[in-house]
Every structure is written in C-alpha cells, then in structure tokens.
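One structure is given below, encoded as structure tokens.
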Amino acid sequence: MNIFNPFSNNTILANTSVLLARFGLSAIFILAGLNKVQYFEGNAQYMASAGLPSELLPLVIAFELVGGLLILSGLLSRVTALVFAGFSIVSAVLFHANLADQIQFIMFFKNIAIAGGFLMLAAHGAGQWSIDQVLSNNKNIPK
C-alpha cells in the first residue's frame with residue numbers, strides 16, 4: 001500500500017470510500033427533509049424569520065429528499081452535487097451568518113464543508129458503485 005495514496009492500487013477501498021461519502025452527504029439532507037415534513041409549521045416559521053416566504057418550504061423538502069436520494073444512488077450525481085453545493089452556501093449565508101454566535105459559526109462552516117464535499121463529488125463523480133456508472137457502461141454495449 002502506498003502510504004501517500006492508499007487508494008492507488010485498492011479499488012475496493014476507493015469504491016467503498018466514495019459510496020460512504022455519498023451516504024454521508026445524502027443522509028444529512030434526507031434526514032433534514034424528513035424533519036421538515038414532521039415539523040412543518042416550525043420550519044415554515046423559521047424560514048419566514050429569515051425573510052423567505054414559507055411557501056418555499058415544500059420545494060425545499062422535495063429538493064432535500066429527491067436530491068438526497070439522487071446523491072445516495074449515484075444518479076445525476078455531478079449536477080446534483082453542484083446544485084447542493086450552491087444550496088449549502090446559500091443556506092449558510094441566509095441562516096447562519098451571525099458568526100459572533102458560536103453555534104451559528106459552527107453551523108456556517110459546517111455548511112461550507114458540506115459544499116466542499118459536494119464540489120469534490122461533482123469533480124470526481126459518484127464512483128464505480130453508482131447508477132451513473134451503470135448507465136455510462138450501458139452506453140458502450142452494442143444494441
């Protein structure tokens with residue numbers, strides 16, 4: 001094993017890492033979407049307190065759930081990851097910009113870190129264990 005790149009000759013380790021990364025990135029949004037469904041009124045009020053129309057909440061819920069499932073499955077992962085990166089940055093600015101508050105400071109940079117993970121996913125793709133890869137492989141099969 002190469003100490004500087006443990007993934008260089010270990011495709012199982014590399015594929016497992018990408019799958020776990022997709023799982024982690026998708027889980028936070030799937031769970032957030034489910035939370036917004038369960039506590040709809042409270043989340044609508046929170047959005048309104050940030051100056052956003054609460055009517056956007058169903059769209060946010062759909063985006064988090066559908067987008068999270070797309071990332072998890074590895075379908076349309078590069079485009080979805082780019083959109084999630086932007087969403088994470090916008091959410092950080094709109095909801096966590098009070099950096100004087102320690103909790104908001106942590107939440108702001110958590111969102112920035114998540115955006116970084118999504119940008120890495122957008123740049124490198126969903127990996128071998130993804131629907132994107134299956135679809136890519138099927139394009140090369142003669143009909």
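Only helical runs count toward this figure. For the chain, summing -39,500 (n - 2.57) over DSSP H runs of n ≥ 4 and dividing by all residues gives -24500 deg cm²/dmol at 222 nm. Relative contact order for the stretch 47-143: 30 percent, from Cα pairs under 8 Å spaced at least 6 residues apart, divided by residue count. Per atom type, the chain shows carbon and sulfur on 71% of its accessible surface, probed at 1.4 Å.
For the stretch 1-64, the Kirkwood estimate of the hydrodynamic radius, built from every pair of different alpha carbons, is 14.2 Å. Pick out the long, greasy-scoring helices in the chain: whole DSSP H runs spanning 18 Å or more along their own axis by Cα, mean Kyte-Doolittle at least -0.5. Once both thresholds are applied, what remains is 11-38, 57-73, 77-95, 102-124.
Cα centroid distance between the stretch 1-47 and the stretch 76-110, in Å? Here the two parts' Cα centres lie 15 Å apart. Computed over protein heavy atoms with a 1.4 Å probe, the accessible surface of the stretch 58-102 works out to 51 Å² per residue. Over the chain, with a single point scatterer placed on each C-alpha, what log10 of the ratio I(q)/I(0) does the Debye formula yield at q = 0.12, 0.14, 0.16, 0.20 1/Å? Scattering profile of the chain, log10 relative to I(0): -0.57, -0.74, -0.90, -1.20.
The values are calculated or read from the model by the stated rules, or taken from the named source; none is laboratory data. Just so it is clear, the model here is predicted, and its values are computed rather than measured. All accessible areas refer to the heavy atoms of the entire protein, side chains included, with ligands and DNA or RNA removed. Shrake-Rupley method; radii C 1.70, N 1.55, O 1.52, S 1.80 Å.
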